[in-house]
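What follows is a single structure, written as structure tokens, with notes after it.
The values are calculated or read from the model by the stated rules, or taken from the named source; none is laboratory data. All figures in this text were calculated on a predicted structure; none of them were measured in a lab. Ideal geometry is used to build each Cβ from the backbone, glycine not excepted, and the neighbour counts take in all protein chains shown. For the accessible areas, the whole protein counts, side chains as well, though only heavy atoms, and no ligand, DNA or RNA atoms are used. Shrake-Rupley method; radii C 1.70, N 1.55, O 1.52, S 1.80 Å.
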Amino acid sequence: MGIKWDNLVDVSLASFGITIVVVVLFSLGIAAWSRAGGPSDDSAGGGPARVAAVLCFAACLAVAAYGIDIIVPD
Amino acid sequence: MESISFLLIAVILTALAFDFTNGFHDTANSMATSIATGALKPRVAVAVAGVLNLAGAFLSTKVAATISNGLVNDSKVSLVMIFAGLVGAILWNLTTWLFGLPSSSSHALFGGLIGAVWVGAGGSAIRFTQLVEKIVIPAIASPILACGVALVATYLAYKITQRTAKRKVNKGFRAGQVGSASLVALAHGTNDAQKTMGVITLALISTGILAHGSQPPWWVVLSAGLAISLGTYVGGWRIIRTMGKGLTDIQAPQGFAAETTATAVILASSHLGFALSTTQVCTGGILGSGLGRKLAKVRWGIAGRIAVSWVLTLPAAAAAGGVSAWVADQGDLGVAIVAGVAVAAAVGFYVLSRRRPVNPDNVNEVPSRERELAGPSTV
């Protein structure tokens, strides 16, 4: 019986990796955005935190775009 | 010739009816958690899912792999068997919908066809090793995988945002959920609408209307896409309630983690040629997101009922498909009787569902009776 164990391992690793990357980045983005947009808006930490948040969200969008690319064949 | 065209029309209509039940059965997959967390209003959520399912049906240009998927010997499949298999799948889909259970529509379709072919052409036409490899193994592996991935993802999401204001965390993850839920709906449209297109195209090819190896004609793509998106829009509110509120209490970070998991698992597996059930992946993801959050309640009684329905889906749909095949094989009158019974059953299920209706307005309320039925919840 030709059960494709290799494929099963591949699917497991790929979906685990992608999910963790997206969820961690999105969570970091929310944490950073919240810090940047807090009451101490003009403090020194605001700028870099905001940039970090935007980078995190952009990375999530890129992964989502890759997902759509996979959904749409050719 | 006349009997062929009567049968062909019956097959096409039944296939579209199955596609409709597939749509409203599976709305919950993409939208249950978004509705439960308030990321999307119930009616907006089903509209988005419906549109994306229609878009998904058109996006995918490749013909769905033959519905039989190598499970049955294609050369022995007749129109009567396809018709009977579809009826069996519809009957099981409606039964599980009445009980609010998220069972796999694909398994119902495969089960119905297997039962019909078994009765019509004998057990030798079923490829049992293929059955184990293509259905049983993924059915066991995929929910466990989704559950594990969602568990870790949910844990990390709460860990990372634990110092951030709850209000902002919820707002952020709700926005993210709109995106993650939409991707699930799109992926669903490219997968499940294709199955019905494959059934109808196969029926057209087997009657000689289309040449072998033809692409589905535009009207098949359009009608299959419309049937599944209409079903999605009508919304299986009973199943949405079970998945969004019954299994566990979903918060926005959990919903985001569960949906991202579902998208990743579905895309990774379809990319690498592993067929699996969207429904089982999504249910596993939601269960995992419940286990990954501290103090989240997982109602194991409901999880158990869902698991039982998964085990029953293939044999039950096969039994219904087999009986239908036996009756329908008696000629046009038999086909008419099966069709009549199917319509009567559908009306009966609808009437039964009105006794305890679930709709967009009460979808997020879990009745106290349900809680008692579910048994004591564990932390």
Nearest 10, in degrees from 0 to 90: the angle of helix B:300-328 to the longest Cα principal axis of chain B is 10
Student exercise, the protein assembly as shown dipole from Lys, Arg, Asp, Glu Cβ charges, in Debye to nearest 20
1700
Distance in nm between label sites at residue B:354 and residue B:163, each 7 Å beyond Cα in the beta-carbon direction?
5.9
Heavy-atom accessible area per residue, the protein assembly as shown, 1.4 Å probe: how many Å²?
42
For chain B, longest principal axis from Cα atoms; helix B:278-292 axis from its Cα atoms; angle between them, nearest 10 degrees, is 20
Report the label-to-label distance for residue B:222 and residue B:207 in nanometres (one decimal), using points 7 Å from each Cα along the Cα→Cβ vector.
1.9
Rounded to the nearest 100 Å², what is the buried accessible area between B and A, both sides summed, probe 1.4 Å?
3100
Evaluate peptide B:124-131: per residue, the Cβ atoms of other protein chains within 10 Å of its Cβ; return the mean as an integer.
1
Before anything else, pin down the relative contact order of chain B: Cα pairs under 8 Å, at least 6 apart, normalised by residue count, whole percent.
34
Give the distance, in whole Å, between the Cα centre of segment B:201-222 and the Cα centre of segment B:146-175.
47
Using the structure shown, list the pairs from B:41/B:134; B:171/B:195; B:168/B:297 with a Cα-Cα distance above 26 Å, or answer none.
B:41/B:134; B:171/B:195
Could I have the simple spin-label model distance between residue A:21 and residue A:7, label points 7 Å from Cα toward Cβ, reported in nm to one decimal?
2.3
Cα centre as origin, Lys/Arg/Asp/Glu Cβ charges: chain B dipole, Debye:
1880
Around residue B:298, which amide H atoms from residues at least 5 apart in sequence, or from another chain, sit under 5 Å from its own amide H, with H modelled in the peptide plane?
B:378
Tell me, what ³J(HN,Hα) does each residue in segment B:127-134 have, in order and in whole Hz, if you take phi through Karplus 6.51 cos²θ - 1.76 cosθ + 1.60 with θ = phi - 60° and put x for Gly and Pro?
9, 5, 5, 5, 4, 5, 5, 8
How high is the FRET efficiency from residue B:124 to residue B:175, r the C-beta distance, R0 56 Å, rounded to 0.05?
0.55
Can you give the angle from 0 to 90° between the axis of helix B:137-160 and the longest principal axis of chain B, with both taken from C-alpha atoms, to the nearest 10?
20
